[in-house]
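First the structure, in the form of structure tokens, and then the observations on it.
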There are 2 protein chains.
Amino acid sequence: MKVDHLYTPCLLLDRKKLNQNISRMCNHINNLGVSLRPHVKTAKSVPVALMCAGGETGPITVSTLKEAEYFADAGFKDIIYAVSMVPAKLPRALALLKKGIDLKLIIDNANIAKEISAFGEKENCKLKVLIEIDSDMHRAGLSPDSEEVIYVARALHDGKGTEMVGVLTHAGESYYGTSENAFVKMAEQERHAITTAADNIRKAGIPCPIVSCGSTPTATFAKDLTGVTEVRAGVFVFQDAYQAGIGVCKKSDIALSVLTTVISHKKNQNRIITDAGGMALSKDYSTRGTSFDCGYGLVADIKGNIIENLTVIGANQEHGLISTKNGDLDFEKFPIGTKLRILPNHACMTAAAYDTYNVMENDNEISEQWQRCNGW
Amino acid sequence: MKVDHLYTPCLLLDRKKLNQNISRMCNHINNLGVSLRPHVKTAKSVPVALMCAGGETGPITVSTLKEAEYFADAGFKDIIYAVSMVPAKLPRALALLKKGIDLKLIIDNANIAKEISAFGEKENCKLKVLIEIDSDMHRAGLSPDSEEVIYVARALHDGKGTEMVGVLTHAGESYYGTSENAFVKMAEQERHAITTAADNIRKAGIPCPIVSCGSTPTATFAKDLTGVTEVRAGVFVFQDAYQAGIGVCKKSDIALSVLTTVISHKKNQNRIITDAGGMALSKDYSTRGTSFDCGYGLVADIKGNIIENLTVIGANQEHGLISTKNGDLDFEKFPIGTKLRILPNHACMTAAAYDTYNVMENDNEISEQWQRCNGW
């Protein structure tokens, strides 16, 4: 099928760019002597996860238990659920363990460690747990040098229903970097934090086999990963306008776009209206207020050539509003029915509105449709 | 099942509030002598649409052809697809017509009118079409007094494959009102615009049976709907923090919320972290910069009591960051595992991440699960 024959809005996935993005990251991480555990939260799609390990069901990171279940059904065994575990969700984790999945959980609290251990003991199993470390005050986790790290590690190590398997951090603040130099420093800061935590745990006599870090910016620019055993990164598979804006990739690397149709002309407001609104693009406007602000996404023609003077200025539920940055819109260039492509600000959020990727070859032909999993 | 036993994040729908919101709107519109054609884009769920017509499959408005197909399968016959039609989508409309669905389309362009007519003629059917009118420069549509309205009406009326069935407008700018007085004026402006367009068309000798207007703010505050035949409104069924903020409803009217769990404490940042992030809440931050800014949603306890001093300051993919507006967070009040409810900024966007509503009675018991349709 040709791209032009698809109903809009829908997702296009450029296979060549996807391949290139994955190869680049795999090569870089492997060259640093570390293994990649891709965060599948971006694509949430089996074929993409397979590509990250040369067609194998390699180690993965998930952001929801639904993803864990979906990938487990597809044969993936080695899974880290990288959002703090709470006891109420343990029955779903247990169900995966009973299916033979090597599921690993993360926590950052000693009481939760004890509750998980009590659950494991009751269920006659050992739940593998990593401790989340905060390397940059971005989100969750314990400070790498804190006493609490040792306390939690000991609770997990001594717990009859838990196995302390490592430490994990995510340098989320790297999204606010704006230069290669900054990313290199953040990558080193992330490495230093996570290896410090691991070393402290080992000094306390507790094993710490997994030392896991990662974010697309730090993974892309890391120069040295001594002491790290694995890198997690997610959005690199698709890239997006935000990553291009901060300099992690080029705009031409962005593999994901929303195909949309011009549905109305508002000449008295210098706008065209498309059928890709807030539902189709997401309401993510993470480029707002940055030097690379691109509204609700970069506007491109059906071949993917970015039209630099156009910007998505509004995103109502099913209406996208596109106007010019400068001058009058040439409405004759975009008659109603014209197909455009919008390259998203944030690929993870945009993809979540869809259940299917239309896999595109040569900016023209749809060769396959890949499913994705959504929800929790 | 008790609310506390649900896996989080998930959607809660308070049946009593839903009932009250629907009754209030139905009564108001019926008292004005006009029929309600609810916009089902908010709930996208058959049981909610049935409630809007006393259990019947009444007239509805949809925002996607997927919704049209979903509701048609459930027995709804009288459907307006209220997003500008483009010729490439006509085969899906035709399939619905062939199933006996009274589907009506909207357009705002004479060339498209002719293309639709040509399609209808070729397929040996008459496609019913309304003309979209712009009553407030919010989005799409023709200016009510413009010559083009007559031109499009004539194209539809004379077209062998089309039937000109009416005019339609949506006072989207009413979302920027902030007082009852403003909403009353906007409702009258909307009524004036749409009846002007209808009158002009009739003066030109062309029938214009349907005169359709609506938005939740204008529908709520309209005092007079003379000349209007039907009102469309959508978000009123659930209401949300935005509608409460502009004074269209009370916070206590909000029927939809996201149930979430506290998953981490960041004491050194005065934050708790929950499992309702940008995916679960949507990235809609429409209250940003308003006097009623509430971050990514209003925070409530598991019973739905709003905790005024808390606010969702951040929404990463699967992490919500909650902090206080003033003073220190009392972490002991919110141990890890605590369930909270987040009342969304924009119910339509938040609900779209889920396929199921957990219908809740008395803030405690889940009596039913209702499915919704997503995508295109």
By how many nm would the segment from A:N309 to A:K160 grow when fully extended, if each residue of separation counts as 0.36 nm and the alpha-carbon distance is taken off? 47.4 nm
Given 20 °C and 1.002 mPa s, compute D for the stretch B:16-240 with the Stokes-Einstein relation, Rh being the Kirkwood radius over Cα pairs; round to the nearest whole µm²/s. 123
Please report, to one decimal in angstroms, the Kirkwood hydrodynamic radius of the stretch B:270-376 built from all distinct Cα-Cα pairs. 14.7
Output, in nm with one decimal and in ascending order, the distances from the B:S291 label point to the matching label points of the other copies (7 Å from Cα along Cα-to-Cβ). 3.8
Please give the charge dipole size of chain A, origin at the Cα centre, charges +1 on K and R Cβ atoms and -1 on D and E Cβ atoms. Round to the nearest 20 debye. 360
Pairs beyond 25 Å (Cα-Cα), from A:K89/B:K2; A:K41/A:K128; A:K303/B:K41; A:K114/B:K266: A:K303/B:K41
Minimum Cβ-to-axis distance in chain A for the rotation onto chain B, with residue, whole Å: A:K283, 2
Along Cα→Cβ, 7 Å out, is where each label goes; now give me the distance between the ones at B:E361 and A:N181 in nm to one decimal. 6.6
Return the loop-located GluC sites (Glu not before Pro) in the stretch A:1-91 (DSSP other than H, G, I, E, B) with at most 14 other Cβ atoms within 10 Å of their own Cβ; answer none if there are none. A:E56
Positive-end residue of A:I342, B:Q269, B:T8, charge dipole of the protein assembly as shown with Cβ unit charges: B:T8
Give the nm distances, rounded to one decimal, from B:R202 to the matching residue in every other copy, measuring between label points 7 Å along Cα toward the beta carbon; shortest first. 8.5
To the nearest 0.05, how large is the calculated FRET efficiency for A:K77 and A:N326 if R₀ is 51 Å and r is the Cβ-Cβ distance? 0.40
Log10 I(q)/I(0) at q = 0.11, 0.15, 0.17 Å⁻¹ for the stretch A:1-114, from Debye over equal alpha-carbon scatterers, is -0.45, -0.75, -0.89
Which distances, shortest first and in nm, link A:G327 to the matching position in the other copies, using label points set 7 Å out along Cα to C-beta? 5.9
Trypsin sites (Lys or Arg not before Pro), restricted to the stretch A:277-320: which are DSSP loop and have at most 16 other Cβ atoms within 10 Å? A:R288, A:K303
Using the basic label-point model (7 angstrom from Cα toward the beta carbon), what is the A:K267 to A:T290 distance in nanometres? 3.7
Picking from A:N268, A:N305, A:N316, which is most flexible by a Gaussian network model of chain A using Cα springs under 10 Å? A:N268
Averaged across A:275-286, how many Cβ atoms of other chains sit within 10 Å of each residue's Cβ atom? 5
Report, in debye and to the nearest 20, how large the dipole of the stretch A:202-317 comes out about its Cα centre when Lys and Arg carry +1 and Asp and Glu carry -1 on their Cβ. 180
Identify the trypsin sites (Lys or Arg not before Pro) of the stretch B:82-141 meeting these criteria: DSSP loop state and at most 12 other C-beta atoms within 10 Å of the C-beta. B:K99
Furthest towards positive pole of dipole, A:I194, A:P207, A:S63, structure part chain A, Cβ charges: A:S63
Just want to confirm a number: the relative contact order over the stretch B:60-111, from Cα pairs under 8 angstrom separated by 6+ residues, in percent. 40
Quick numbers on the stretch A:268-308, Rg and Dmax over C-alpha atoms in Å, give 11.5, 29
Pull up the cross-link candidates among the aspartates and glutamates for B:K283, meaning alpha carbon to alpha carbon under 13 Å and not fewer than 8 places away within one chain. A:D284, B:E318
Using DSSP H assignments, which helices in chain B have an axial alpha-carbon span of 20 Å or above and a mean Kyte-Doolittle hydropathy of -1.0 or higher? B:180-203
Tell me, Kirkwood radius of the stretch A:171-225 from alpha-carbon pair distances, in Å? 11.7
Determine the principal axes of the Cα atoms in chain A, then give the extent along each, sorted from largest to smallest and rounded to whole angstroms. 72, 42, 34
Placing +1 at every Lys and Arg Cβ and -1 at every Asp and Glu Cβ, with all other atoms neutral, what dipole size does the stretch A:15-238 have around its Cα centre, in debye to the nearest 20? 780
For the protein assembly as shown, what is the mean residue ellipticity at 222 nm derived from helices alone (per DSSP H run of n ≥ 4: -39500 (n - 2.57); sum divided by total residues; nearest 500 deg cm²/dmol)? -8500 deg cm²/dmol
Based solely on C-alpha atoms, express the radius of gyration and the Dmax of the protein assembly as shown in angstrom. 26.6, 91
Two decimals is fine: what is log10 I(q)/I(0) at q = 0.10 Å⁻¹ for the stretch B:221-338, from a Debye sum with one equal scatterer on every Cα and no solvent? -0.35
For the stretch A:54-169, what does the convex hull of the Cα positions come to per residue, in cubic angstrom? 99
Could you tell me which residue out of B:H157, B:Y81, B:N19 lies farthest along the dipole of the stretch B:16-240 toward its positive end? Charges go on the beta carbon: Lys and Arg +1, Asp and Glu -1, centred on the Cα centre. B:N19
So how far apart, in nm, are the two label points at B:A204 and A:D4 if each is 7 Å from Cα heading toward Cβ? 3.2
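Values in this text are rule-based calculations from the coordinates and carry no lab data. Because the structure is predicted, anything quoted here is derived from the model rather than measured. Cβ sites come from the backbone with ideal geometry, for glycine too, and all protein chains shown count toward neighbours.
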